[in-house]
1. Does the range 288-341 hold any residues that are of a type in the set (Val, Ile, Thr) and under 28 Å from ILE267 (Cα atoms), and which are they?
2. Tell me which of these LYS106 doesn't satisfy, since it passes every other one: (1) open to solvent by 60 Å² or more (accessible area, probe 1.4 Å); (2) closer than 27 Å to ASN199 by Cα; (3) out of contact with any helix residue (DSSP H, G or I) (no Cβ under 7 Å at 6 or more places or on another chain).
3. Going through the range 168-184 one residue at a time, which ones are in contact with a Cys (Cβ under 8 Å, 6 or more places away or on another chain) and closer than 30 Å to LEU82 by Cα?
4. Within the range 213-224, does at least one residue satisfy the condition of being in a helix (DSSP H, G or I), in contact with a strand residue (DSSP E or B) (Cβ under 6 Å, 6 or more places away or on another chain), farther than 19 Å from LYS106 by Cα and open to solvent by less than 60 Å² (accessible area, probe 1.4 Å)?
5. Taking the range 266-296 as the search range and keeping residues that are outside any loop (DSSP other than H, G, I, E, B) and in contact with a Lys or Arg (Cβ under 6 Å, 6 or more places away or on another chain), which one is nearest to LEU212 (Cα to Cα)?
6. Restricting attention to the range 137-152, which residues are small (Gly, Ala, Ser) and open to solvent by less than 10 Å² (accessible area, probe 1.4 Å)?
7. Any residue that is of a type in the set (Asp, Glu) and touching a residue at least 60 places away in the same chain (Cβ under 8 Å) - is there at least one of those in the range 361-368?
8. Under the condition of being open to solvent by less than 20 Å² (accessible area, probe 1.4 Å) and not in a loop (DSSP other than H, G, I, E, B), which residue from the range 242-265 is farthest from PHE306 (Cα to Cα)?
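The values are calculated or read from the model by the stated rules, or taken from the named source; none is laboratory data. Every value quoted in this text rests on a predicted model; they were computed, and no experiment measured them. Note that we place each Cβ from the backbone using ideal geometry, even for glycine, and neighbour counts take in every protein chain shown. The accessibility values were calculated without ligands, DNA or RNA, using every heavy atom of the protein model including side chains. Shrake-Rupley method; radii C 1.70, N 1.55, O 1.52, S 1.80 Å.
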Amino acid sequence: MVFHFAENLLTFKVLELFLHFMSRIKKIYSSIRQHLLRFANNLRNKRQIASNVADSAFREKLTDYNLQRSLGCDTTVCHVPLRSIYFGFGGIVTACCFNRNFVLGKFPDNSIEEIIHGEKRKTLQKHLSETDFSHGCQFCKDMISSGNFMSVGARLADTFPENGELPSEMVFELDNTCNLRCEMCSAKFSSAHNKGIRNTAPYDSEDFITQLKPFISHLTETKFLGGEPFLSDIYPKIWETIIKLNPKCKIRVQTNGTILNNKVKEILQKGNFQIGLSIDTLNPAHYEKIRSGAKIEKTLENLEFFNHICKKNGDNANISVCPMKENRLDIPELVDFCNKKGIYIYFNDVTTEGVAISELSEQELEDLATYYKKNNPKGYNYISIHNHISFSNLIRKVEFLNKQSKLKVYMDEMIPFTRIELAQKVTSIISKNTGIKFNEKIFELIPEKFTIKRRTIEKMKIQHIADFINMNREKQIDFIQTNFITTQNDKI
């Protein structure tokens, strides 16, 4: 009996090693194929990708972004509208979680079928195919402008297969149930910020899952956001449906990493789960301040199990970081930790007032960029190289913020001006538009000498002058007193 047990164990180990070997071969093949496709696409499409962009600075960034996309240059800047769909709080349905403004429909007022086959998805895709970000896609445009390419939501859809009008991916953000009060979060995304009040309607009905079923078999990937997904009553029902109808479909869950009970372990063993954890620092004091209600030791213990599940399904866990003032100096340590553990790292863009790194001073941003550059290892395998690139994108973001900070100081600088110089500037502008009737007596309201923000002068346009002319005298005087600061005892 002992012999048979040992023989079976050896057979199992050999099989496990063989499957691991084949998995590695598959990854190497996919990587080589991807690099060849990227090379071919870069040669074919590089000259076309920015043809619709007038802004030379953005055009340059857009070219750089396209060159590093998974399949190289693509004449369509984003494929999300026809490859993905996002179900958000309150029944709002959009193309993705980064664009919550261009609404495709609202459940249950509109059925899922009506929304998927509606004209709005095609309309948004058309605009993005023309490099037009104006229909709610400002987030990705800002990320491209800053050079933070790894945070561009559009890149995620590049590898999704085309499915006609049917989405290949569905993203769910249906339930704000959460056990933590993270300092960058709010009541909308965490019930702990809202006295425990949950936001689950209108998805807490069987009709929602019933309407999903016809589309689940066409999916290659799903994402579940929160709140804390492992505390949700809705998500397990959807997971069970996916496992039953489309067991190969990836189920990506973004968790704070604090919830790991028997119920969670049981469902994770069933499906093709990939887990992302939100961990911002390894410093216990900083972690507990940022993720109020959590302990870093317990989260790291749970990380081991989550990573085991990911590896069982042929992938690795990933960590999403919110770079903020509190944890900004802890990030190199976290990158090093991920490299040693074989975990992917990603960086979110945080704009929450009071914690965002964009609020740092010009000198602090410059020091931070220097510190990051000194502590960004090049990488020695696929994951650590990915993490180096991801961290490099964050560095570019910090440098961009520093540049913006310098520009703001420059534009807000008060510069000396005279009434004659202003008259020459205004005359030069309105001479290009004969439709504006300008009474030069208005300059009598202006002091002989004054200082004015560089921004006000450099951004002076025909429309601004027309607006000023059309103001009544009282508002004109108020405008002048606000913007034209006298340098001597002149009285307006």
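1. Those that are of a type in the set (Val, Ile, Thr) and under 28 Å from ILE267 (Cα atoms): ILE296, THR299, ILE309, ILE319, VAL321.
2. Going through (1) open to solvent by 60 Å² or more (accessible area, probe 1.4 Å); (2) closer than 27 Å to ASN199 by Cα; (3) out of contact with any helix residue (DSSP H, G or I) (no Cβ under 7 Å at 6 or more places or on another chain) one by one, LYS106 breaks only (3).
3. VAL171, GLU173
4. no
5. It comes out as GLN274.
6. SER146, GLY147 - these are the residues of the range 137-152 that are small (Gly, Ala, Ser) and open to solvent by less than 10 Å² (accessible area, probe 1.4 Å).
7. No: zero hits.
8. ILE242
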